[in-house]
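Take a look at the structure below.
The values are calculated or read from the model by the stated rules, or taken from the named source; none is laboratory data. Predicted, not measured: the structure shown is a model, and the values here were computed from it. Quick reminder, even Gly has a Cβ in these numbers, built from the backbone with ideal geometry, and neighbours come from all protein chains shown. The area values use the complete protein model at the heavy-atom level, side chains included, leaving out ligands, DNA and RNA. Shrake-Rupley method; radii C 1.70, N 1.55, O 1.52, S 1.80 Å.
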Amino acid sequence: MLYKAWDDYLNECGGTINLDADLIFIPILIDDHMACVCINFKSKIADILDNQTHNDPTKSDLFKASKIIVSAMSDYLEYKGIEKGSQITGFAHRPTIFEWTRSGKNNDESGIFNMVHMLMYEGQPFVHYDLGTKTRRRYLVVQLTAALVLADINRIRSKVLEDVTNWVSRKDSILVTLKARRKVTQILSRSRSSK
């Protein structure tokens, strides 16, 4: 199934692999948490990019998934006749620590961290001011959402843009309804607190 997903992606992008790149990014979803493995040909390491730390990274589900996925990518590249495939099986796996990496769960925003990691990581931890605060991360979500909607590879781009146009034309009536609901909620909240 993983090979088919990679084949489907390749077909969307022209059907051939040109592996002149030094980094291959493979996003991982474990339960409701997004992270990424970066196969780093420059340093010969599989970098684990995540916004949270683990007490013992080598025992985490992400570390185990990293090993499985890198092995699968090695097999896939060899199956496609790419010489670099055999190189990556011996790569060490290491978690990469960023200044925003924290202990504990942060699954709600792991997707935005993951997207920025894949966009900006060049083999070393980097600084990104917007990832430091929740408000600035929301701004990044808007930017990345717009980029994804408008991307040429997005098969439903025209449908999404049509839905947005329809929503914009109805937004005034929607806003009136929302304001009325908010007012009712405030009145109910005041009456409960006065009792």
- Collect the residues in segment 32-58 that are crowded, with 19+ Cβ neighbours inside 10 Å and either part of a loop (DSSP other than H, G, I, E, B) or in contact (Cβ under 8 Å) with a residue 60 or more places away in the chain (or both), keeping them in residue-number order. 33, 34, 35, 36, 38, 40, 47, 49, 50, 51
- Note on the structure: How many residues of segment 131-143 are aliphatic (A, V, I, L, M), open to solvent by 30 Å² or more (accessible area, probe 1.4 Å) and either closer than 13 Å to residue 98 by Cβ or under 12 Å from the mean Cα position of the chain (by Cα) (or both)? The answer is 1
- Item | Residue list for segment 85-130, restricted to those being in a strand (DSSP E or B) and open to solvent by less than 20 Å² (accessible area, probe 1.4 Å) | 96
- Note on the structure: Scanning segment 59-84 for residues that are without any contact (Cβ under 8 Å) to a residue 12 or more places away in the chain and under 19 Å from residue 31 (Cα atoms), the one surrounded by the most Cβ atoms within 10 Å (Cβ to Cβ) turns out to be 60
